[in-house]
Amino acid sequence: MASGDNVEIVKRGFEAFNENGIEGILPFLDTGFEATTPPSLASEPDTYRGHDGIRRWFDSFYEVMDEIRWDAHGFEAAGDRVIVEFTLRARGKRTGLEFGQDAVMLWELRDGRAIRLDLFQTVDEARCSRGRRRLMAPTYHELLAQSRDAFNARDSEAWIEAWNPDCEWHPFLTAREEGDPGYHGPNGIRAWFEDVDEMFSEIHVDLSRFREIGNRLLVLGEMKARSRATGEPVASEVAWVVEPRGERLQRGWSYGSHAEGERAALEASG
């Protein structure tokens, strides 16, 4: 699709958002759409995936603000991407005061729909990022989704396909220990699956939040299972910190709480 067409699509998306809020712009977004908010522009930086993820992102706005709109100052075509300088405007629900924040959007489109949105403080940052492959490219999301599905299906071979042959996995029961050997390579992964199956049945992990922290991926969700020892249901938070390498995943650590996983990822990033 021509760059000019992409600009027109993004312009119409802005108009739809300003007229009908988040539901107005959803038809312009691919079902696999993802948006990333960086620490420089968000108190809780995160990556939001799909239409439900975008609704969740804007729920945090609507809790404290009314009359939210995007005022665009310029649209710049960049191949299959569009750079937009804009001001987020809103009114505080409690104070009634008007609010404005300047930022830059980098939209990526495919087949007439937006597939990704990244936010930056300056146009130069957005332009520089165009030529860099982002860590959370769709390939890594697919590998993480494959790993999740394999875990839920108790299919160690499907998990192994998403990871490098010399991969490492450190589950939350041992990941806290410095220098813990964890499980290595395909046979290690198979052994880990067997160890988990000895402890739990009816295991299901739901991973819903993805973030980049340095060279690692932080994935947050919930786990439900049934203890084989007691027969009682078990539910807890779960956090995966994953380090990709090349076209596959290389090392991973699992933690029993979101806070612990985030702290580990931040410490690893330096």
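The values are calculated or read from the model by the stated rules, or taken from the named source; none is laboratory data. Just so you know, these numbers come straight off a predicted model, no measurement behind them. Please note: Cβ atoms are built from the backbone with ideal geometry, for glycine as well, and neighbour counts cover all protein chains shown.
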So is Ser208 of a type in the set (Ser, Thr, Tyr) and either over 18 Å from the mean Cα position of the chain (by Cα) or more than 19 Å from Asp155 (Cβ to Cβ) (or both) or not?
yes
For the stretch 241-252, state whether one or more residues are surrounded by fewer than 12 Cβ atoms within 10 Å (Cβ to Cβ) and either on the phi > 0 side of the Ramachandran plot or over 17 Å from the mean Cα position of the chain (by Cα) (or both).
yes
State whether the residues of the stretch 14-34 include one that is within 30 Å of Leu266 (Cα to Cα), touching a Pro at 6+ places or on another chain (Cβ under 8 Å) and assigned to a loop (DSSP other than H, G, I, E, B).
no
Kindly establish whether Phe172 is among the aromatic types (Phe, Trp, Tyr), touching a Leu at 6+ places or on another chain (Cβ under 8 Å) and modelled with pLDDT under 85.
no
What tally of residues in the stretch 216-266 results from selecting those that are among the acidic types (Asp, Glu) and closer than 16 Å to Phe172 by Cβ?
4
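So that you can scan it fast, the table gives a plain yes or no per residue for (1) under 18 Å from the mean Cα position of the chain (by Cα); (2) over 28 Å from Leu217 (Cα atoms):
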residue: Ala16; (1), (2): no, yes
residue: Glu23; (1), (2): no, yes
residue: Ser60; (1), (2): yes, no
residue: Asp71; (1), (2): no, yes
residue: Gly79; (1), (2): no, no
residue: Val82; (1), (2): no, no
residue: Thr87; (1), (2): no, yes
residue: Thr95; (1), (2): no, yes
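Results for (1) of a type outside the set (A, V, I, L, M, F, W, C); (2) in contact (Cβ under 8 Å) with a residue 60 or more places away in the chain, shown as yes or no for each residue.
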position	(1), (2)
Asn164	yes, yes
Ser208	yes, yes
Leu220	no, no
Gly231	yes, no
For the stretch 30-81, give me each residue that is of a type in the set (Lys, Arg) and farther than 17 Å from His141 by Cα.
Arg55, Arg56, Arg69, Arg81
The one condition Gln250 fails out of (1) assigned to a strand (DSSP E or B); (2) more than 16 Å from Trp159 (Cβ to Cβ) is (2)
Conditions (1) in contact with a strand residue (DSSP E or B) (Cβ under 9 Å, 6 or more places away or on another chain); (2) exposed (fewer than 15 other Cβ atoms within 10 Å of the Cβ); (3) in a helix (DSSP H, G or I) -> Asp102 fails only (3)
Of the residues Asp71, Asp52, Asp59, only one is on the phi < 0 side of the Ramachandran plot, surrounded by fewer than 17 Cβ atoms within 10 Å (Cβ to Cβ) and part of a strand (DSSP E or B); which?
Asp71
Please go through the stretch 123-160 and pick out each residue that is buried (at least 20 other Cβ atoms within 10 Å of the Cβ), within 21 Å of Ile213 (Cα to Cα) and modelled with pLDDT of 90 or more.
Ser147
Might you check whether a residue that is modelled with pLDDT under 90, of a type outside the set (A, V, I, L, M, F, W, C) and in contact with a helix residue (DSSP H, G or I) (Cβ under 6 Å, 6 or more places away or on another chain) occurs anywhere in the stretch 204-216?
yes
With the condition kept exactly as written, say whether any residue in the stretch 106-122 is more than 22 Å from the chain's Cα centre (by Cα), in a strand (DSSP E or B) and loosely packed, with under 15 Cβ neighbours inside 10 Å.
no
